[in-house]
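The values are calculated or read from the model by the stated rules, or taken from the named source; none is laboratory data. Worth saying up front: this structure is predicted, and the values here are computed from it rather than measured. Note that we place each Cβ from the backbone using ideal geometry, even for glycine, and neighbour counts take in every protein chain shown.
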Amino acid sequence: MAAQLPAGSLLPNSHAYGGTHMYQTILVPLDGSPFGERAISLALRVARAAGATLELTHVREPFAASRAAATSARRGAGGAAASLTMLAGLCARTEVAGGLTVTATLLEGEIASALQAHVEASASDLVVMTAHGHGGAGRAWLGSVAEALVHRLRVPVLLAWPRVVGHGRADAPPFRRILVPLDGSPLAEEVLDHAVAAGTWGHTEYLLLQVVTSGATGSEPHVAVVARTDDADLERRRLDAMCYLAAVAERVRRPGVAVNVDVVVHARPARAILSVARTRDVELIALTTQGEGALAQPLAASVAGDIAGSVADEVIRGAGVPTLLYRPATVPSGATEGTVAGQTGARQ
C-alpha cells in the first residue's frame, strides 16, 4: 500500500500516458557497498513524487552464505544476522530521510534470479539501482546483475552511475525535464507511461526526441556529411518525424503535463541524444530496450559482456543523469533485442 506523504509534499502523479499508471512499490536491490546504497536517495526522489513504498532488498548467494557461516564460527557473527542488521539500519535512516514507508527483505540464491522472482511475486512497479556496485569499472557495462534485470524484468529499471549521485539526493525536487527518445514504433512508445509516472504533475516537462540519421562519409566518423542529392529526402524525413512527434505529444499532453518535441539530424543517434540531454538540462532519460526502428541497435551483442557500441550503452555511459530502461511486454515475432535510440533511417 502506498505510504501517506507528509504534509506539504507534492501530490502523487496521476496523469500518466495511459491515464492511471503510478508507482506504488519501488524495489532497491543493494549489494552492501556504498556505491549500491547511493540508489536509495534516487529511489526516494521518485517515491516522494509518487507516494510510493520503498523496499530495500539484499541477496545472499549460497556460496557467500556458506563462507559467511564458516567465518561466523571464528568471529561469532552470522552472515544472515549481519545482512539483516545492515538492512534494518538502512530502513531506519531511509524512513527518517524520506518520510515514507520503507520495508526490507533478505533473499538467498543466485542474485539476478532471486531478484527477478521477488519482483514478479511482489508486483513491484519499479527497480532502482546503481549501475556498478563493488564490482568496479572492470565489469562489463552495467555489471552482470543490472544487465540481467534489464533483460528479464517486465518493469522499468532506473539506473544511475555512482557519479550522478547529485541527481539522486533525497531532498531533490521532482525531475524538471525528462527526455524520451522515440523511433516511430509502437514498442518505443511503451516507455511513455513509465516516463510520465517518473515525473510529477505540474512540475515536469517531457521532451520527445527523434533522431533522423544521415549517411556519413569522409574520414570523420562523428560528423554527418550529407550529399546534396539527399537533401530533399532528409528534409522530408525530418518533417515526417516532427509530425509523428507532434501527434504523440497530443496523446500525452494534458493539464499539468507539459510536452515538447525536437527532431535532430545526426549520423550518431546516441551522441545526438546525449547532446540534447546536456543542452536542454535533462534530468532523466527514458528508453525502451527493444524497438522496431530501421536502425535499432542491439542492447547486448552475442559476445558475452561485449555490448560496446550499442546506443543504450553509449547513452548510459555518457549521460550525467539517471536512465530509465523498460523492456516492452509485447515483442513482435522475429524482433531483435535492441535499444530504441530515437532514430529513423532512410525510408523506402
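Taking Ala104 as meeting all but one of (1) crowded, with 24+ Cβ neighbours inside 10 Å; (2) within 14 Å of Ile26 (Cβ to Cβ); (3) aliphatic (A, V, I, L, M); (4) at pLDDT 90 or above, write down the number of the exception.
It fails just one condition, (1).
Which of the residues that make up the range 262-283 are over 19 Å from Ala195 (Cβ atoms) and in contact with a strand residue (DSSP E or B) (Cβ under 6 Å, 6 or more places away or on another chain)?
Of everything in the range 262-283, those that are over 19 Å from Ala195 (Cβ atoms) and in contact with a strand residue (DSSP E or B) (Cβ under 6 Å, 6 or more places away or on another chain) turn out to be Val265, His266.
Please determine whether any residue of the range 279-302 is surrounded by fewer than 24 Cβ atoms within 10 Å (Cβ to Cβ), at pLDDT 50 or above, not in a loop (DSSP other than H, G, I, E, B) and not hydrophobic (A, V, I, L, M, F, W, C).
Yes.
From Glu190, Glu250, Glu205, Glu235, which residue is outside the structural domain of Leu42 (by TED's automatic domain parsing), closer than 30 Å to Ala52 by Cα, modelled with pLDDT of 90 or more and over 23 Å from the mean Cα position of the chain (by Cα)?
Glu250
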